[in-house]
Every structure is written in structure tokens, then in C-alpha cells.
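Colleague: So that we are looking at the same thing, I have put the structure below in C-alpha cells.
The values are calculated or read from the model by the stated rules, or taken from the named source; none is laboratory data. As the structure is a computational prediction, the values presented were derived from the model and not from experiment. Every residue, glycine as well, gets a Cβ built from its backbone with ideal geometry; the counts of neighbours run over all protein chains shown. Surface areas here come from the heavy atoms of the whole protein model, side chains and all, with no ligands, DNA or RNA. Shrake-Rupley method; radii C 1.70, N 1.55, O 1.52, S 1.80 Å.
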Amino acid sequence: MFGWINDCCESLVVTKFGIEKWHEIKELAGCKVEDGGFIRHQYYRDESSVNLVVAISKVLGISVAAVLETFGQYFYEFTREAGYGNMLSCQGSNLNLWLSNLNALHDHLQDTLPRGRFPEFWCEDDLEVKESLLLHYFSERGSLFVPFVVGLVKEIA
């Protein structure tokens, strides 16, 4: 995964729980990167990100799923504050359009981040529940980051 993910993890923990908790999490995760040292466009092994999420879960005493969902909610604002607000706003004027355009955003990122393994999304109307969408998510990483997607969708909605 790219440093964006680990950098966002660090920002979330430091902002919400303080630098001391972040140091405890880094130690448990075996993370040797200096504070504020994740390079966003550098590729890090998936294991390093997973280790951070598991350590956050253990240190804070919450489930991995809860960590990932909170992380998904935080990620949207994190990327907006990093200068990508206009691009994110152009994704669509409603949730369906926004999610439907997410693959195009990932395709664009793939050009600049060729090692990226971005997930794919597609939406369809839920014929059984009025005014609802069915969101389909596919990732080479399997279902590991589904709670992240749930948090992200909640934030976007």
C-alpha cells in the first residue's frame, strides 16, 4: 500500500488519541518510521499497514473492523485537507455518481502510482429497497478493507 494509508493512520491516531498512543502503537506494530515520516507516494508492504491497524485495535481496545471503519471515515477528510478537495468534489453531485466515478479516479491514480492495487466499485439500484443502492466492491486484498469502505461511504453520504 502507499504511504497515504500509513500517513493517514498516524494522523488519525495522533489527532484523536495523542502522540504517546501513536508511539505505543508503532512499537507494537514494529514500525520504525519516524513520526511524520511516511512518504505518501512510496509503496509499503501491505503487512506494515495491517500491523498498524491490528496494533491500533489492541492499544485502543476496539475491534479491527471498528478501527478500519473509523479510518475510512477519516480518510475522506484527510485527503481533502491534503489538497484534493476539488478533485473529490468533482466526483459527483450525489452518492451514486460519486461512487460510480471512483474507478475513474483510481484509473487516474494508477497512471501516477503504477504499483497501486486499487479496488473496483460499481453501483446499481436496489430493486427491493426503494431509494437504495447496492454497492459492489472488489479488491485483490479480499474483504479485509470492507469496514474501511463502509466508513468512507458513510462519510461521503
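Colleague: Take a quick pass over the chain and tell me how many lysine pairs come in under 30 angstrom between Cα atoms, counting only ones 8 or more apart or on separate chains.
Modeller: 12
Colleague: Work from the charge dipole of the chain (Cβ charges, +1 for Lys and Arg, -1 for Asp and Glu, about the Cα centre) and give the residue of Leu88, Asn51, Leu12 farthest towards its positive end.
Modeller: Looking along the dipole axis, the top candidate is Asn51.
Colleague: Oh, and also: In debye, nearest 20: dipole of the chain around its Cα centre with unit charges on the Cβ of K, R (+) and D, E (-)?
Modeller: Value, rounded to 20: 360 debye.
Colleague: So I have (i) -0.45, -1.18, -1.30; (ii) -0.43, -1.28, -1.44; (iii) -0.54, -1.09, -1.15, and one of them is log10 I(q)/I(0) by the Debye sum over Cα atoms at q = 0.11, 0.18, 0.19 Å⁻¹ calculated from this model. Which one is it?
Modeller: Entry (i).
Colleague: If you count only protein heavy atoms and use a 1.4 Å probe, how large is the accessible surface of His23, to the nearest 10 Å²?
Modeller: Estimated to the nearest 10 Å², His23 gives 80 Å².
Colleague: Moving on. Please tell me the relative contact order of the chain in percent, rounded to the nearest whole number, where contacts are Cα pairs under 8 Å and at least six residues apart.
Modeller: 24 percent
Colleague: Could you pull out the GluC sites (Glu not before Pro) across the range 97-157 that fall in loop regions by DSSP (anything but H, G, I, E, B) with no more than 15 other Cβ atoms inside 10 Å?
Modeller: Sparse-neighbourhood loop GluC sites (Glu not before Pro): Glu128, Glu131, Glu140.
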